[in-house]
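Okay, structure first, notes after.
What follows draws every value from the coordinates through simple rules; no lab data is involved. What you see is a predicted model; the values in this text were computed from it and never measured. Cβ coordinates were reconstructed from backbone atoms using ideal geometry, including for glycine residues, and neighbour counts include every protein chain displayed.
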Amino acid sequence: MRDLAAGPGRILVAAYSVFAIAATGRSLTQLLLQAERAPLAYSLSLVAAVIYIVATACLVIGGPRAWRVAVVACAVEALGVLVVGTLSLVAPELFPDRTVWSHFGQGYAFLPLVLPFAGLWWLRRTAPGA
């Protein structure tokens with residue numbers, strides 16, 4: 001098993017760290033100051049933040065258990081950005097403000113759409129026994 005934070009993993013650790021900080025700060029601010037405006041959207045942003053934190057930690061920690069948790073985190077993240085991205089287009093009233101996953105991460109240069117698939121690619125390459 002290769003070190004999860006080596007090579008391209010370093011880029012993923014950096015990206016996930018930035019998104020963890022940005023999504024946590026933004027979602028907590030939105031929930032604390034204007035939760036009534038879009039509670040679902042802001043709560044989903046907080047879920048995204050937690051997933052980014054988990055993925056970052058798993059990539060840094062490494063090992064078979066962290067690898068498995070990271071795979072689940074990236075898969076849930078991919079599903080989340082696809083579902084929220086779609087919902088934000090078909091039911092825009094649920095997402096009056098941009099969030100990390102709304103519009104497939106458009107406000108973040110679509111990186112939230114790319115990141116989970118890059119993470120899954122890297123995790124596949126570093127799979128135990130690979």
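Lys/Arg Cβ at +1, Asp/Glu Cβ at -1, dipole of the range 16-130 taken about the Cα centre: which of Leu82, Ala41, Thr56 is farthest positive-ward?
So the residue furthest toward the plus end is Thr56.
Given C-alpha coordinates of the chain, what is the ratio Rg to Rh with the Kirkwood estimate of Rh?
My calculation of the ratio gives 1.01.
State, as an integer percentage, the relative contact order of the chain based on alpha-carbon contacts under 8 Å between residues 6 or more apart.
30
Which value in deg cm²/dmol, rounded to the nearest 500, describes the helix-derived mean residue ellipticity at 222 nm for the chain, given -39,500 (n - 2.57) per DSSP H run of n ≥ 4 and division by the residue count?
Counting only the DSSP helices, I get -25000 deg cm²/dmol.
Using each residue's phi in the range 64-73, evaluate 6.51 cos²θ - 1.76 cosθ + 1.60 at θ = phi - 60° and report the 3J(HN,Hα) Karplus result to the nearest Hz, with x for Gly and Pro.
x, 5, 5, 4, 4, 5, 5, 4, 4, 4
Starting at the first residue of the range 19-25, write each ³J(HN,Hα) from the Karplus equation 6.51 cos²θ - 1.76 cosθ + 1.60 with θ = phi - 60°, in whole Hz, x for Gly and Pro.
Once θ is set to phi - 60°, the couplings for the range 19-25 become 5, 4, 5, 5, 5, 5, x Hz.
How much length is gained on full extension from Ala109 to Leu28, taking 0.36 nm per residue of separation minus their Cα-Cα distance?
27.0 nm
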